[in-house]
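*Asks:* Got a structure here, written out as structure tokens. Questions coming.
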Amino acid sequence: MSEIIEQIKSIVVAGKHKEIEKIVKAGLDANIDPGAIINDGLIAAMDIVGKKFGSGEIYVPEMLVAAATMKKGLEIIKPLLTGDASQPKGTILMGTVKGDLHDIGKNLVIMMLEGAGFKVVDLGVDLSVDKVVEKVREIKPDLLGLSALLTTTMPEMQKVIVMIREQGLRDSVKIMVGGAPVDSRFAEKIGADGYGKDAADAVQLAKKLIGIN
Ligand code: B1M
């Protein structure tokens, strides 16, 4: 079983996108928990990719093919995570802030939120403050989720919160932030309602902030 997880990890790290579907399916056929495939296989692989990039062993193109391979793997698991949203527990707007193109973590959080019965509107990546505020006004979500993976884009989260407050919308929407460089102290400092450490934590936090069990 752990051999399949190891194979998933090395296929993602090597960016062998043609091989990922077969091995993820093999993992599911072997009754490996989809959560383990995600956490110990796909996410663990991206950690290795990040370290290799940080140490100069690989460059952006390699990081891109690894990311595409990870996404392909996630797509296979997605149907197992997404539940019935016919009676949504609440509406959540999600997006990655301005200047930031990282969306794998955000997409994973979205899958888990949908699996937990929320309706999620994905605003995508590289979102301007104005766009987020416009969508909050238009969609009137219960919760706004902002993701950032770069230390340089974290301040965009605060800009969004300030603008939402200035526009008189702050009391109508809860705000959750997350992403690798973000932590609970930062969330508190910028006036967010909470910080989601990972996708599972984000689901628990969303339930708490919206006030459901
Ligand atoms: Co980039 N990148 N990247 N990258 N990238 C990082 C983030 C980096 C740490 C790598 C490194 O140096 N070791 C580094 C940031 C350093 C820093 O800011 N201090 C970095 C850099 C520098 C860059 C570029 C600047 C590189 C360059 O061009 N020179 C560039 C920036 C582009 C831009 O955004 N403007 C860049 C580009 C890219 C790619 C496009 C090649 C690709 C992204 C592809 C994509 O997303 N579509 C990429 C990747 C893949 C990574 C790493 C390797 C992996 C990120 C990832 O997908 N992780 C990353 C290194 C790393 O994180 N180890 C790195 C897996 C994912 C499941 O985890 O996103 O953390 P994560 O999400 C988690 C939690 O954080 C949380 O839940 C998720 C699930 O558990 N979470 C939330 C996330 N959002 C949440 C929101 C919530 C709640 C929880 O509520 C709203």
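The values are calculated or read from the model by the stated rules, or taken from the named source; none is laboratory data. Just so it is clear, the model here is predicted, and its values are computed rather than measured. In this analysis, Cβ positions are derived from the backbone assuming ideal geometry, glycine residues included, and neighbour counts consider all displayed protein chains. Note: accessible area is taken over every heavy atom of the protein model, side chains too, but ligands, DNA and RNA are not part of it. Shrake-Rupley method; radii C 1.70, N 1.55, O 1.52, S 1.80 Å.
*Asks:* Tell me the carbon and sulfur percent of the accessible area for the chain, rounded to whole percent, probe radius 1.4 Å.
*Replies:* 52 percent
*Asks:* Determine the alpha carbon to alpha carbon distance for each of Lys106/Lys208; Lys52/Lys98; Lys25/Lys71; Lys25/Lys72 and list only those over 22 Å. Let's see the in-between values first.
*Replies:* Numbers: Lys106/Lys208 19 Å; Lys52/Lys98 26 Å; Lys25/Lys71 14 Å; Lys25/Lys72 12 Å.
Over 22 Å apart, Cα to Cα: Lys52/Lys98.
*Asks:* Enter the accessible area per residue of the chain (Å², integer; probe 1.4 Å; all protein chains in place).
*Replies:* 51 Å²
*Asks:* Where does each of 168-176, 200-208 land if you order them by average Cβ count within 10 Å, highest first?
*Replies:* 200-208, 168-176
*Asks:* With the crude spin-label approximation of a point 7 Å out along Cα→Cβ, what separation in nm comes out for Lys208 versus Ala180?
*Replies:* The two pseudo-label positions are separated by 2.5 nm.
*Asks:* Where in region 191-213 does the amide nitrogen come within less than 20 Å of the point 7 Å from the Cα of Gln87, taken along Cα to Cβ?
*Replies:* Answer for region 191-213: 207-208, 210-213.
*Asks:* Per residue of the chain, what 222 nm ellipticity follows from adding -39500 (n - 2.57) for every DSSP H run with n ≥ 4, rounded to the nearest 500?
*Replies:* -16500 deg cm²/dmol
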